[in-house]
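Student: Got a structure here, written out as structure tokens. Questions coming.
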Amino acid sequence: MSGHSIKVSKTSAGIPVVVENIPDSESAAYMIGVATGSRDETPDIFGLSHLLEHTVFRETKTMDSYQMAKEIEGAGGELNAFTGREMTAFYGITIKETADVARKIVGDIVANPLINENATELEKKIVLQELSMVKSEPERYIHDLFSMILWKGHELCQDEGGDEKLVAKMTYEDLRKYYDEKYRIPNISVYAVGSVDMDETVAWAEDTLDGMSGGKRNVRTEPSIPEGKYEFVANDSDHYQVAMGFQSYGSSHEDRMAVSMLSAVLGSGTSSRLFQDVREKKALVYSIFNSISQNSDASSFATYMSCTKENVVEAMETTTKVIGKFLAEGLEKGELERAKRLVKGANVRAMESTDNRLYRLGVNHMLNGSTETLEERLAKIDAVTEDDVMRVAQDILVPERLNTVVLGKNNRSLKKYDPANLAF
């Protein structure tokens, strides 16, 4: 799956078209991205982007959801969509001989949705169930909570799902207004991966989307560096979830790959420092890992762990001791090279999937205009030095900027916990 070029073109109306043709691929995947998401919502419509994403699937001017399902599955494919903080996307993947079906349905969903009252009310019920489900799954909910505390006071704190009470009150008129404002050029981009052709993709995009003019880009404000905070959130689970982390760089920052290596050294895989020191040596947690959540102008760099009540404090304090030791002593011999191979392996395996290639192509281009190939990404990983890793570590891992959130059954001592004990 290596050696493929990524080509960029535009439709007559200026819509970017990004295509990665994979020789010998047996599948074809098409995505339409819209440059709007939860960070672009005002407080009174928090959750509207996500509800709209659901609703446009319900019915278009030419077919309902059942007809869409029959056609795409009859073509050997699948349809899906996602809402993020900075983009909403709709995609279809089929076997190569039925690629026209994927193009037709994805285009119809974006260009011709009915967005009527019946569809909106039905999808509200589904979305409200989804939001309830997330809160009942602590392993997922902790990620939303961490973003809320890290970006508190900034639009990035708005998770993709939205507020249940606000979603329940939304009308199809609200959705139609938002669609008419946001689902317009210059917010639209088109992506294709697999057994795909640039000329064919451009022609489809022109026929389907070039009439959707009249929009304007969302104005976004870069977040300031947040001060450290500690919060306890009660739920019904006996098992506790913990997130601890910092603000990091945006998606186009020159040190983004060095941050990825830092994250891998600290918390990726079973040989990482946090896994070994917190789980293997002390058995304080069931799981522990690092994760970076990327946005165009900032990202979060966080450690997530799950454990029982009696281990929460020691697990948190051991985590900060691991960070402090790393800052004081630096990398061990061969540690960076192991991390590089781990990250490279994950990238190579991910790129063996057409779905993953399409997702990465769309998200990277939408966030920062990147059309980076796998080979270019691997070269950037190889180029990271030990000095790079330690430099970004000193810049990001600042004790006063540590944000921590604990999720679990109501507990007085954890509510009153003094985060000064997490100094390193």
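Student: Name the residues whose placed amide hydrogens come within less than 5 Å of the amide hydrogen of SER195, ignoring near sequence neighbours (fewer than 5 apart) on the same chain.
Tutor: When sequence neighbours closer than 5 places are left aside, the close amide H contacts are ILE22, SER27, ALA28, ALA29.
Student: Here is a follow-up. How large is the charge dipole for region 6-209, taken about the Cα centre, if only the Cβ atoms of Lys, Arg (+1) and Asp, Glu (-1) carry charge, to the nearest 20 debye?
Tutor: Using Cβ point charges on Lys, Arg, Asp and Glu, region 6-209 gives about 380 debye.
Student: Using the per-residue mean of other Cβ atoms lying within 10 Å as a proxy for protection, in what order, highest first, do the peptides 321-329, 277-285, 54-62 fall?
Tutor: So the order, starting with the most tightly packed, is 54-62, 277-285, 321-329.
Student: If a paramagnetic tag sat 7 Å from the Cα of LYS344 along the Cα-Cβ line, which residues of region 367-389 would have the backbone N under 19 Å from that point?
Tutor: Under 19 Å, as judged by backbone N against the label point of LYS344, lie 372-389 of region 367-389.
Student: If you don't mind, another one. Search the structure for amide H atoms under 5 Å from the amide H of ILE115, placed 1.01 Å from N in the peptide plane, and list their residues when 5 or more places away or on another chain.
Tutor: GLU59
Student: Let me ask something else about it. Take the cross-link list LYS61/LYS182; LYS70/LYS182; LYS70/LYS96; LYS309/LYS416; LYS281/LYS344 and give me the ones stretching past 22 Å between alpha-carbons.
Tutor: Checking Cα-Cα distances, LYS70/LYS182; LYS281/LYS344 exceed 22 Å.
Student: Taking the 0 to 90 degree range and rounding to the nearest ten, how far is the long axis of helix 198-209 tilted relative to the main principal axis of the chain, both from C-alpha atoms?
Tutor: Result, in degrees: 80.
Student: Now a separate question. Taking θ as phi - 60°, what are the ³J(HN,Hα) couplings along region 89-95 by the Karplus curve (6.51, -1.76, 1.60), each to the nearest whole Hz, with x for Gly and Pro?
Tutor: 9, 10, 8, x, 10, 9, 5
Student: Would region 229-422 count as rounded, prolate or oblate if I go by the C-alpha gyration tensor, calling it rounded below 1.5 in a/c and otherwise prolate when a/b exceeds b/c, oblate otherwise?
Tutor: It comes out prolate by the Cα gyration axes.
Student: Under the Karplus relation 6.51 cos²θ - 1.76 cosθ + 1.60, θ = phi - 60°, what is the ordered set of whole-Hz ³J(HN,Hα) values for region 273-289, x standing for Gly and Pro?
Tutor: 4, 5, 4, 5, 7, 8, 9, 6, 7, 10, 6, 8, 9, 7, 9, 7, 7
Student: Let me ask something else. Compute the helix-to-body angle for 354-368: its Cα long axis versus the longest principal axis of the chain, expressed 0 to 90° and rounded to tens.
Tutor: The angle comes out near 80 degrees.
Student: Give the order of ARG341, ARG184 when sorted by the count of other beta carbons within 10 angstrom, beginning with the fewest.
Tutor: Ranking ARG341, ARG184 by Cβ neighbours within 10 Å, fewest first, gives ARG341, ARG184.
Student: Here is a further query. Please list 3J(HN,Hα) in residue order for region 15-30, calculated via the Karplus relation 6.51 cos²θ - 1.76 cosθ + 1.60 where θ = phi - 60°; whole Hz, with x for glycine and proline.
Tutor: With the stated coefficients, region 15-30 comes to 6, x, 10, 10, 10, 10, 7, 10, x, 6, 5, 9, 10, 9, 10, 10 Hz.
Student: Given the convex hull of the Cα atoms of the chain, what is a quarter of its surface area in nm²?
Tutor: If I average the Cα hull's projected area over directions, I get 20.3 nm².
Student: Sorted from fewest to most neighbouring beta carbons within 10 Å, what does the list SER189, SER271 look like?
Tutor: Arranged by neighbour count, lowest to highest, SER189, SER271 become SER271, SER189.
Student: Work out how far the C-alpha atoms of region 6-209 reach from end to end along every principal axis, then list the three figures in whole Å, largest first.
Tutor: Answer, in whole Å and largest first: 45, 35, 34 Å.
Student: Determine the distance separating the Cα centre of region 1-61 from the Cα centre of region 160-230; give it in Å without decimals.
Tutor: Their Cα centres are 8 Å away from one another.
Student: Could you state the angle between the C-alpha long axis of helix 335-350 and the longest principal axis of the C-alpha atoms of the chain, as a value from 0 to 90 degrees rounded to the nearest 10?
Tutor: Rounded to the nearest ten degrees, it is 20.
Student: Using r as the Cβ-Cβ distance of LYS309 and GLN129, and R0 as 35 Å, what FRET efficiency do you calculate, to the nearest 0.05?
Tutor: My answer for the efficiency is 0.75.
Student: In nanometres, what is the gap between the two model label sites at GLU376 and GLU352, each 7 Å from Cα along Cα-to-Cβ?
Tutor: 2.5 nm
Student: Amide H of LYS152 versus every other amide H placed in the peptide plane: which residues, excluding those fewer than 5 positions away on the same chain, fall under 5 Å?
Tutor: It is none; the list stays empty.
Any read-out appearing in this document is the output of simple, stated calculations on the displayed coordinates, not a laboratory observation. Because the structure is a prediction, the values reported are computed rather than measured. Backbone-built Cβ (ideal geometry, glycine too); neighbour counts: all protein chains shown.
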